[in-house]
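Here is the structure we will look at, set down as structure tokens.
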Amino acid sequence: MRLLQALRRPGIRWLWLGQIFSGIGDQVYEIGLVWMTVGMLGANAGYLSAAGTGAWLACSLAGGVMADRWPRVRTMVAADVIRGVTVLLLPVAFWLGWLNVGCFVAVAIVLGAFSALFYPAMQGSLRAFAGEPELLRATNGLMDATRRLARILGPLVASGLLALVPLVQFATFNALSFFASALAIVIAGRHLSVLADENGESTVPSGERSIRRELSEAIRLMHGHALMRTALVTRFLANFTWSICFILGLALLTKQELGGDVNTLGLLLGAYGVTNLLGNVVSGSFSGVHPARQLFGGEALYGFGTILLGLAPNVPLAMCAVAVAAFGPPMATITQTTLIQTEFPASHVGKIYSLFSAVELGGGFIGYLCAPMLCAALGLRGAMLTCGGAALCAAGAALLVFRQIEKRKMLQSA
């Protein structure tokens, strides 16, 4: 299996372990955060999530430029340490009796801002970590699997912690996971230094060109790539749907309509994570399918699963629905990441990734803002059905368009 071959490289192995720790911490924190804030604010908790996503969106383009300019390994370590210290302020505020909604908003903004720096740096370094072009897709699949695996392990860890500590201490666990990730990246960077590659360092000297010029060049490159340009639309809709139906909507569905508690929410997220990981393994191990089919086929499956979730009358069927929805995203994400790393210059990987992230985050940000209004106008289930239908139709249309393009190319070459 190609994913296991990637793990034979010590640098990739340490980077992967660090992201596993960080991913589990993020999932534990997210479960605790959404449950506390939904209890405090109801559907208006979407505005809190919008604050973090908005900060990430606002910083994403500049973060991509900086990630291409600065040493990437050091950038990742610094971002992890800052995020760890920041999230640790929540339990401190709780201990002092200062914890309120404003604290959650401030922490969300800082986490979003430094995530906008961390992830472009990591994506830009993966080609150096992989070393061999044929190992790159497997490396992308492995890194993508960390989030999928975290969705399985995170709810289990959260259930165990819930019996021992109050929900606010989930933030402490997340802080420790950031510090563990920073240490693993330091070790991974030492192994990276022996590779005859970029050493994960910047390919554009700081100050050589203006941020505006670098972004303009990246936008020009993106605009010239028809497949990636079309994928921007489907990814926007997918993240719009995700923010409404899975970040906020799943908690509201559990609490208000399925009669469950935080453990039920963890069970649904765990079901999502299992199939998510399965989709990752399948997509990361096989590369013979046309990129358009993987991108848009995955998005279509995700939209269909979201529709099923909106129709699910009980917890078992809701688990089946999230499992269907979960299989598609890895197909799209791994293909998208590999295309960015292989079809664009190395000096622009961080910026291209950030452009994509900006569009995806824009979808999530608008989704968070629209969630209370959509739920009020259509009801929670109506909002899920509408969002899932839009994502399915957009992906299906894109898939049909690129099938026609393939047919024309075959006719022209015949």
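The values are calculated or read from the model by the stated rules, or taken from the named source; none is laboratory data. Bear in mind the structure is a predicted one, so any value in this text is a computation, not a measurement. Here the Cβ positions follow ideal geometry from the backbone for every residue, glycine too, while neighbour counts run over all protein chains shown. Accessible surface is based on the protein model in full, side chains and every heavy atom, while ligands, DNA and RNA are left aside. Shrake-Rupley method; radii C 1.70, N 1.55, O 1.52, S 1.80 Å.
Picking from Gly298, Trp70, Phe114, whose Cα lies most toward the positive end of the charge dipole for the chain (charges on Cβ: Lys, Arg +1; Asp, Glu -1)? It is Gly298.
With N counted as the residues of segment 30-99, its alpha-carbon radius of gyration over 2.2 N^0.38 Å works out to 1.39.
Compactness check for the chain: Cα Rg over 2.2 N^0.38 Å is 0.94.
Can you compute log10 of I(q)/I(0) for segment 139-192 with the Debye formula, treating each Cα as one identical point scatterer, at q = 0.13, 0.24, 0.25 Å⁻¹? Debye intensities relative to I(0), on a log10 scale: -0.44, -1.03, -1.06.
In angstrom, the C-alpha Rg and Dmax of segment 257-354 are 16.0, 51. Taking only protein heavy atoms and a 1.4 Å probe, the accessible area of segment 49-90 is 79% carbon and sulfur. Label 7 Å along Cα→Cβ of Ser210; segment 50-65 residues with amide nitrogen under 19 Å? Label zone hits: 61-65.
Taking each DSSP H run with n ≥ 4 as -39500 (n - 2.57) and averaging over every residue of the chain yields -29500 deg cm²/dmol at 222 nm.
What separates the Cα centres of segment 369-414 and segment 210-245 is a distance of 16 Å. Among His225, Gln412, Leu378, which residue has its Cα furthest toward the positive end of the charge dipole of the chain, with +1 on Lys/Arg Cβ and -1 on Asp/Glu Cβ? About the Cα centre, the residue reaching furthest to the positive side is Gln412. Under the convention that each Lys and Arg Cβ holds +1 and each Asp and Glu Cβ holds -1, the size of the dipole of segment 1-75 around its Cα centre is about 560 debye. Solvent exposure of the chain amounts to 40 Å² per residue of accessible area, where only protein heavy atoms count and the probe is 1.4 Å. Note on the chain: with a GNM built from Cα contacts shorter than 10 Å, the maximum mean-square fluctuation among Thr53, Thr86, Thr241 falls on Thr86. Computing FRET efficiency as 1/(1 + (r/R0)^6) for Glu406 and Leu4, where r is the C-beta to C-beta distance and R0 is 30 Å, gives about 0.40.
Whole-percent P(r), segment 35-173, all Cα pairs, 5 Å bins from 0: 2, 9, 14, 17, 21, 16, 11, 7, 3, 1, 0.
With a Förster radius of 60 Å applied to the C-beta separation of Trp98 and Glu217, the computed FRET efficiency comes to 0.85. Normalised by residue count, segment 297-414 yields a Cα convex hull volume of 125 Å³ per residue. Extension gain, Cys320 to Glu257, is 21.0 nm, computed as 0.36 nm per intervening residue step minus the present C-alpha separation.
Accessible surface of segment 244-338, 1.4 Å probe: 71 percent of it comes from carbon and sulfur atoms. The distance from the alpha carbon centre of segment 1-63 to that of segment 97-141 is 8 Å, rounded to a whole number.
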